[in-house]
Amino acid sequence: MEPKRIREGYLVKKGSMFNTWKPMWVVLLEDGIEFYKKKSDNSPKGMIPLKGSALTSPCLDFGKRMFVFKITTTKQQDHFFQAAFLEERDAWVRDIKKAIKCIEGGQKFARKSTRRSIRLPETIDLGALYLSMKDTEKGVKELNLEKDKKIFNHCFTGSGVIDWLVSNKSVRNRQEGLMVASSLLSEGYLQPAGELSKNAADGIIENPFLDNPDAFYYFPDSGFFCEENSSDDDVILKEEFRGVIIKQGCLLKQGHRRKNWKVRKFILREDPAYLHYYDPAGGEDPLGAVHLRGCVVTSVESSPDGKKSDEENLFEIITADEVHYFLQAATPKERTEWIKAIQAASRTGK
């Protein structure tokens, strides 16, 4: 049997011979990490065995690069990867750590909780409960919370989750609520945000989930992000950067002149609605911006030169000035999510 795919996506990898950073399609397997020049390639450029490897995160070897982690193999070979943002790096790190731990213990990687202490009542359906929690009217309210000079957007507190479970009569008491919330966390329905909740989830603290107003959590597809809240004087930003970030991640973008495809990091803001794109290998300034007011966005089957993409999942943005942008997502689900997010942002009217 082929090793199970645990996680995959674009990361920026440092070359092993030259000091160059290039986007790679990275696949985490149960026993190793494969990396490809692009997602559609059949053969990997390389493979990193996880058995006996050590992981370092955050890796501070490169002062100008953020969100880097390092994997050191048993042969003392260092491999450096850079994620697009903090939550993406932490998700990769958690899964890689768990994969290494499973190899050491001779276990199969599984997202379901293996904690013997968790004994859920048979009447509780975690999937259905998760959907109820995400209900925009009756579910858990997503907030912008501040701690240690950081603002956590689209998240909620651990005690808030337990409050909701009890008031919604999903559990009989807070102790049972803690058990249910721990299972939701272990199976990926909830994600930890901030040091306190991350330490608990990693097993440093006894319970994986904390009934605590200072422990923050978020839904994995909520658009959560964390930003520094500096006490310095406010910087006057250009109008296009004033919008709240509602989505970010890597996509393939087709160039306007050469029609070649390159991986770009995209940040979507609303009110005003802009889509900025960056070199994922680094750089604080965007390579370009798309003003989304009045734009049209739709799925397409081929690029403007008539050639169908290997992986499809293409979509097109046509701005109010009739400029066409062709982008490619990794999966049909990701394409749909981006289209919905851009459509929602385009209706802000600025």
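The values are calculated or read from the model by the stated rules, or taken from the named source; none is laboratory data. Nothing here was measured: the structure is a model prediction, and the numbers come from that model. Here the Cβ positions follow ideal geometry from the backbone for every residue, glycine too, while neighbour counts run over all protein chains shown. Side chains included, ligands, DNA and RNA excluded: accessible areas come from the protein's heavy atoms. Shrake-Rupley method; radii C 1.70, N 1.55, O 1.52, S 1.80 Å.
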For the chain, evaluate the Debye formula with one uniform point scatterer on each Cα (no solvent term) and list log10 I(q)/I(0) at q = 0.08, 0.09, 0.13 Å⁻¹, rounded to two decimals. -0.44, -0.56, -1.18
Can you tell me the equivalent ellipsoid semi-axes for the stretch 5-105? Use √(5λ) from the Cα gyration tensor, largest first, whole Å. 18, 16, 14
Which distance in nm do the two modelled labels at ASP31 and ALA110 give, with both placed 7 Å along the Cα-to-Cβ direction? 2.0 nm
Could you name the lysines in cross-link range of LYS22, using Cα to Cα under 18 Å and dropping any fewer than eight places away on the same chain? LYS13, LYS14, LYS37, LYS38, LYS39, LYS45, LYS64, LYS70, LYS253, LYS262, LYS265
Between VAL323 and LEU60, what is the label-to-label distance in nm when each label sits 7 Å out along the Cα-to-Cβ direction? 4.0 nm
Label point distance in nm, ASP95-ASP41, each placed 7 Å from Cα along Cα→Cβ: 1.9 nm
Only helices counted: for the chain, with every DSSP H run of 4 or more residues adding -39500 (n - 2.57) and the sum spread over all residues, [θ] at 222 nm is -6500 deg cm²/dmol
Mind checking the per residue accessible area of the stretch 235-348 for me, 1.4 Å probe, whole number of Å²? 55 Å²
Please list the three semi-axes, largest first and in whole Å, of the ellipsoid equivalent to the stretch 140-228, using sqrt of 5 times the eigenvalues of its alpha carbon gyration tensor. 20, 14, 11
Over the stretch 5-105, calculate the relative contact order: mean separation of alpha carbon pairs under 8 Å at least 6 apart, over the residue count, as a percent. 24 percent
What are the trypsin sites (Lys or Arg not before Pro) within the stretch 20-94 that DSSP puts in a loop, where the Cβ has at most 16 other Cβ atoms within 10 Å? LYS37, LYS38, LYS45, LYS51, LYS64, ARG65, LYS75
Pop out the carbon and sulfur fraction of the accessible area of the chain as a percent, whole number, probe 1.4 Å. 47 percent
Between GLN343 and ASP214, 0.36 nm times their residue separation minus their Cα-Cα distance comes to what? 43.0 nm
Output the relative contact order of the chain, whole-number percent, from Cα pairs under 8 angstrom with separation of 6+ residues. 10 percent
